[in-house]
1. If exposed means no more than 15 neighbouring beta carbons inside 10 Å and the site is in a DSSP loop, what's the longest run of the chain without any exposed chymotrypsin sites (Phe, Trp or Tyr not before Pro)?
2. Hey, which of these cross-link pairs are over 22 Å Cα-Cα: 71/187; 237/270; 119/187; 119/299; 108/242; 51/270?
3. Report the relative contact order of the range 95-137, percent, no decimals, based on alpha-carbon pairs under 8 angstrom and at least 6 residues apart.
4. Defining a contact as two alpha carbons under 8 Å apart and six or more residues distant in sequence, what relative contact order in percent does the range 232-339 show?
5. Under 13 Å Cα to Cα from residue 334, which aspartates and glutamates show up? Leave out anything in the same chain fewer than 8 places away.
6. Residues of the range 195-233 with backbone nitrogen within less than 13 Å of a virtual label 7 Å along the Cα-to-Cβ line of residue 253, please, listed as ranges.
7. Under the 0.36 nm per residue contour assumption, what length would be gained going from the current alpha-carbon distance of residue 196 and residue 49 to full extension?
8. Using 0.36 nm times the number of residues separating residue 320 and residue 208, minus their current alpha carbon distance, what extension gain do you get?
Amino acid sequence: MKNKIIALLCLVMVWALPSTAKAGQSVTGYGNLRYSINYVDEDGGGIERWKGTDNVSRFGIKGSHSNDLGKAFVHLQVAAPSDSETSGGGDGFRQRFFFGGFECEYGKVTYGRMTNAYKFPGFALDPFYDLSRQNATGFFGGGGATYGLSGATNGFTDNTLQYFTPNFNGFKFVGGIAFEDETDDNKLAWLGGGSYTTNSGLTVGGVYADNPAMTADPVYPGIAIGGDAIRAYATYKGNGWKAGVSYENIDVTGYDNVSHLYLTGTAMLKQLKTDLSLSFGYVDDGSAEGFGITAGAFKNLLDNAQIYAMGSYADLESGYAPYTFSVGAIYNFKFTVKN
């Protein structure tokens, strides 16, 4: 109840801003409703039926204040599920992340609860992220990463501080720390990485993340306690199409290092206002070992409304071969106050 009250107060503050905004200030409220009807055949999970799923509907508020020194900003995002069966009991205004920071000519610093820099490249290249298909475990899921990306491409990281350098002729670097506060040891986790972007639209990069040993829970989600993970990735955007690849080698609890390969491509048919996306995932070792394919067509009805149809299949070494067919819709909204 306390979280709901805080979120509602934030809403009231946003609507009151037109009369109180100060010079150099910008506040944006945004959100989306994401829902699909799915046919799920999942012998390993005991599901063989039609299933309605909220695909991580959300609401967010972003604020910033700029002056000659730079820009300070905050970003709050909460869940706004449309289905009472959603994880968490369908409770609205459950926190997803909340962070702040400062950006200037010397780079950008962020702190709080956020998407960490190891997760972000995989999240950014996955066209099926937070939709209903075979997820990172190979089974049906209405949120998170698609099969072929690791579990470290899900979740948020608490107690996080990250620094992003300015752009050095196409080169960018990131470093970060996060600490656990559940034991007296206060162990630190850390990550580091970089990328290079060419004028032709090609980006290549890599990032490494390391979790401390002897903690209560993993600091970076999806990586074993005392384990590490490395991701290499590349993306390219051409005229009417884009493609990406991610390779991960990651420590998973109960297994030695597990490899994850994810390839994806999208054709953007502008005249038809339709995107056609395809992805292939492969996992070597671990509980999700196997391969999977996901394909979808996304039709833009309006600038802020989209319908889609997609199918997803995984062939797992455990003997399971789950698949999902989905039709759904996404409605986005946004309003901004500037002064």
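1. 107-254
2. Exceeds cut-off: 71/187; 119/299; 108/242; 51/270.
3. 27
4. RCO, the range 232-339: 15 percent.
5. By straight Cα distance, residue 334 reaches 303.
6. Flagged as within label range: 214-227.
7. The residue 196-residue 49 span can extend by a further 48.4 nm.
8. Gain on stretching residue 320 to residue 208: 37.1 nm.
Read-outs: derived from the displayed coordinates by stated rules, not from any lab. Quantities reported herein were computed from a predicted structural model and do not represent experimental measurements. Heads up, the Cβs are rebuilt from the backbone with ideal geometry, glycines too, and the neighbour counts pull from every protein chain shown.
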